[in-house]
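Student: Mind having a look at this structure? Questions to follow.
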Amino acid sequence: MDAVEIAHVTKTFDAVTAVDDLSLIVPEGSVYGFIGPNGSGKTTTMRMIASILYPDRGSVRVFGRQMLGARSEQIGYLPEERGLYRKMTVRSVLEFYGELRGGRKVTAEVDAWLERLGLADWAGRKVETLSKGMSQRVQFIAAVIPAPRLLILDEPFSGLDPVSADAIRGAVLDLRRRGATVILSTHDMNLAESFCDRIFMIFRGKKVLDGTLASIQDQFANDTIRVSTAAPLPVLAELPGVEKINDLGQVQELRMARGCDPQEVLAVLVARSRPTAFSIVKPSLHDIFVRIAGPTAGEVKVA
Amino acid sequence: MRRILLVAKRDYLATVRTKAFLIGLVVAPLLFGSGLLAIALMKAKPDLEDRHVAIVDRTGVAGSAIIEAGAAKSAKDLFDKTSGKQTRPRYLFEAVPPDNHDPEGQRLALSDRVRHHELYAFLELGPGALEPAPPSGSKIPPANRVTVYSNASALDDAQTWFDGPINSGIQRLRLARLGVDPSHFDELLSSISVERLNLVARDEKTGQIQKAHKKSEAESFIAPFTLMMLLGMIVLVGSSPMLAAVTNDKQERIVEMLLGLATPFELMTGKVLAAVGVSLTSSAFYVIGGTLALTGMGMADLVPLALLPWFYVYLVADVIMLCALASALGAACNTPQEAQQLAIVLVAPVVIPYMVMMNVIQHPAGILATVVSLFPPFAPMLMLLRQALPGGVPAWQPWVALAGILAWTPLVVWVAARIYRVGILMQGKPPKIAELVRWAIRG
């Protein structure tokens, strides 16, 4: 069964169409990455899946059931804007959130998660005494107690220090191994590439990409050359058929015009300097993102 | 329902465990009580300084009669009959010959003496002051007027103190003119003391007719007044934190975490229930405390036990109504500061009854009192007040008020829930009234 089925969903706020005729299927057990510029409709889509917002048109089904505003203990939701009651202790706030969702006492799970994320010693302290990284870990625990079948994480890694990010990444993968479906939004394209089975990109409320990384890359030709030369950057200027140079520091990515021959580029480059690396690669997710949503992006083709 | 109760339990404990709640529990009645205390103190410590009063007599005869009557009244009132303590100031009169060339100048000079505290007041008797009053409705000619000039407030009871001696002095002169023997004056002019009693009732147990009780100030004013003040105070204490609490949840970004776990309706209802719990807790404190205090002082009769069920029905309804409204307005604001500006809208159902309270106490069966006490937003406080006043209200009225409250309160909650649902996730510019109305209609 699919974890989430979104069919022709539209959501408007006054004059702004946040999500426009969106259809999307999230298979059970997958890790689905939601990407898109700020204000493109990611959070609105996630809120509709979590049943916090209702679509104006279309339907959202979670595990085959239309939610219609009901709350389910099967869905764990970590919003981007997340706070905790500052005057409560870590344990009591987690027990409150867990019991609210699960409908039963969750003391054992709270203890296990606090232990796992290195917060056991802080269980009796008030939330207001925690560092930012610690409260972010507590917020994450609040979303996964009791263990959800569908976990929705809105920008779960933004602002996290590397230790907390690793801890939460490990926990998400663990939940996934135990069968949970994970939907997460991120602005970190490397994370989306390495962490997600499938990627969905929304832009101005419309779906522009949807599929595995490989299938998305296949939509774009092998039009990228990755080079590294001993000479300074100007040697790359005005190479035949190169439309755009993306300087990554040690490495430069060259995007070629349609029909251009990479061998010609290599020949000119060899004549000008001594390249230390030259490979034809698929465009990175970052590159694809910028092509769609960057300032020089052309007319977007809806996926 | 389970989620509603969980939210209610958390919010209830979070409120009653704060220092602010415990301090409020003690401070609020002290603030309300300090007004009554000030009145009691003023009664206990009256102004006993001698009051000098000048009389300008243009009749040529009435001045001395009034001075005589005034001196007699002053001497009679000076001491409390039971304790023997002086409770009123002594009035000392002086006759000032009238200045017929410059009466205005004389009035100004005497007024200046009052301003300099040499005099308390001065009386002026027009040349025709002894003439009988014209038929009611027609104007008293200026020459027949009797005037008291003073700096005292219009509500000062000393203002009316002079009425007795002036009337008594002039009536004696009129009787003398008619040839009545002066030895009969006291007998003729002695005032009749009228006793004011409540109605006679039959004791339901013994079947005997009970004697009517004397009307007391406590019964006719203090008990109903206190009961209504108490209701208003508990409602305010219970519902006022709601506005800030909702905006605080929003500002601290707690609300979206909660919305992932419970529906907006469940959240709002839980919060309202928590406030009802807080109000019941503080009311238990006051009702039990007040009953024990009155019983200890031997005034257990003053506790309106029969009204307590109504008191609690009104309390719960009022708290639900105000809290639902507060959560809607709180959801529409971004910061507690913004919300504070709307607090005036919320206290209206408590403050307006306070404003019309005196009118209702004076004429509890009047049209105004009846209408406002049946109007659902004000019904809890004003119907309770009228029920507590001696004489009560027709039996159907509390039930009609209750029916109104039972129809009105769910309507307020329903509208509030719709505004809450839309507003709680909104950020940025606070909505205008028109937008709030649109949210309420469209949901």
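The values are calculated or read from the model by the stated rules, or taken from the named source; none is laboratory data. On a predicted model such as this, the values are computed, not experimentally measured, just so you know. A quick note on method: Cβ atoms are made from the backbone with ideal geometry, for glycine too, and the neighbour counts reach across all protein chains shown.
Student: Kindly indicate which of A:Ala277, A:Ala214, A:Ala221 is under 26 Å from A:Ala165 (Cβ atoms) and either crowded, with 17+ Cβ neighbours inside 10 Å or not β-branched (Val, Ile, Thr) (or both).
Tutor: A:Ala214
Student: Can you pull out every residue in segment A:34-53 that is out of contact with any strand residue (DSSP E or B) (no Cβ under 7 Å at 6 or more places or on another chain) and in a helix (DSSP H, G or I)?
Tutor: Within segment A:34-53, just A:Arg47 meets the criteria.
Student: Separate question: When A:Gln66 is evaluated against the numbered criteria (1) among the polar types (S, T, N, Q); (2) within 30 Å of A:Thr10 (Cβ to Cβ); (3) at the interface with chain B (Cβ under 10 Å from one of its Cβ atoms), which criterion, by number, is the only one it fails?
Tutor: Of (1) among the polar types (S, T, N, Q); (2) within 30 Å of A:Thr10 (Cβ to Cβ); (3) at the interface with chain B (Cβ under 10 Å from one of its Cβ atoms), only one is false for A:Gln66: (3).
Student: Out of all the residues in segment B:288-302, which are surrounded by 15 or more Cβ atoms within 10 Å (Cβ to Cβ) and without any contact (Cβ under 8 Å) to a residue 40 or more places away in the chain?
Tutor: Matches in segment B:288-302: B:Thr291, B:Leu294.
Student: Inside segment B:73-130, can you point out the residues that are of a type in the set (Gly, Ala, Ser) and touching a Gly at 6+ places or on another chain (Cβ under 7 Å)?
Tutor: B:Ala95
Student: May I pose another question? Looking at segment A:88-105, which of its residues are at the interface with chain B (Cβ under 7 Å from one of its Cβ atoms) and either surrounded by fewer than 24 Cβ atoms within 10 Å (Cβ to Cβ) or part of a loop (DSSP other than H, G, I, E, B) (or both)? Give the steps one after another, and end with the answer.
Tutor: Going residue by residue through segment A:88-105, those that are at the interface with chain B (Cβ under 7 Å from one of its Cβ atoms) are A:96-97, A:99-101, A:103.
Correct list: A:Phe96, A:Glu99, A:Gly103.
Student: Is at least one residue of segment B:256-278 at the interface with chain A (Cβ under 8 Å from one of its Cβ atoms) and among the β-branched types (Val, Ile, Thr)?
Tutor: Scanning segment B:256-278, I find at least one residue that is at the interface with chain A (Cβ under 8 Å from one of its Cβ atoms) and among the β-branched types (Val, Ile, Thr), so the answer is yes.
Student: Looking at A:Leu130, A:Leu100, A:Leu117, A:Leu150 in this structure, which one is in contact (Cβ under 8 Å) with a residue 24 or more places away in the chain, closer than 30 Å to A:Ile6 by Cβ and either out of contact with any Asp or Glu (no Cβ under 8 Å at 6 or more places or on another chain) or of a type outside the set (Asp, Glu) (or both)? First the steps, then the outcome.
Tutor: On the way: A:Leu130 fails: closer than 30 Å to A:Ile6 by Cβ; A:Leu100 fails: in contact (Cβ under 8 Å) with a residue 24 or more places away in the chain; A:Leu117 fails: closer than 30 Å to A:Ile6 by Cβ.
From the options A:Leu130, A:Leu100, A:Leu117, A:Leu150, the qualifying one is A:Leu150.
Student: Could you please find all residues in segment A:9-34 being closer than 20 Å to A:Ala180 by Cα and either of a type in the set (Ser, Thr, Tyr) or touching a residue at least 60 places away in the same chain (Cβ under 8 Å) (or both)?
Tutor: At the first step, the residues of segment A:9-34 found to be closer than 20 Å to A:Ala180 by Cα are A:24-34.
Residues satisfying the conditions are A:Leu24, A:Val26, A:Pro27, A:Glu28, A:Gly29, A:Ser30, A:Val31, A:Tyr32, A:Gly33, A:Phe34.
Student: Here's something else I'd like to know. Restricting attention to helices (runs of 4 or more DSSP H) lying wholly within segment B:206-317, give those where 2 or more residues are over 30 Å from A:Ile49 (Cβ atoms) and in contact with an Asp or Glu (Cβ under 8 Å, 6 or more places away or on another chain).
Tutor: Once the helices (runs of 4 or more DSSP H) in segment B:206-317 are filtered for at least 2 residues that are over 30 Å from A:Ile49 (Cβ atoms) and in contact with an Asp or Glu (Cβ under 8 Å, 6 or more places away or on another chain), what remains is B:223-251.
Student: Right, here's the next one. Of all residues being farther than 19 Å from B:Asp163 by Cα and among the hydrophobic types (A, V, I, L, M, F, W, C) in segment B:52-102, which is farthest from the chain's Cα centre (by Cα)? Just the residue, please. Reasoning before the result, please.
Tutor: Taking segment B:52-102 and keeping what is farther than 19 Å from B:Asp163 by Cα, we get B:60, B:79-87, B:96-102.
Subset that is among the hydrophobic types (A, V, I, L, M, F, W, C): B:79, B:96.
Numbers: B:Phe79: 30, B:Val96: 43 Å.
Only one residue fits best here, namely B:Val96.
Student: One residue is enough: does segment A:79-87 have a residue meeting the conditions within 24 Å of A:Leu191 (Cβ to Cβ) and at pLDDT 90 or above?
Tutor: So far as segment A:79-87 goes, no, none of its residues is within 24 Å of A:Leu191 (Cβ to Cβ) and at pLDDT 90 or above.
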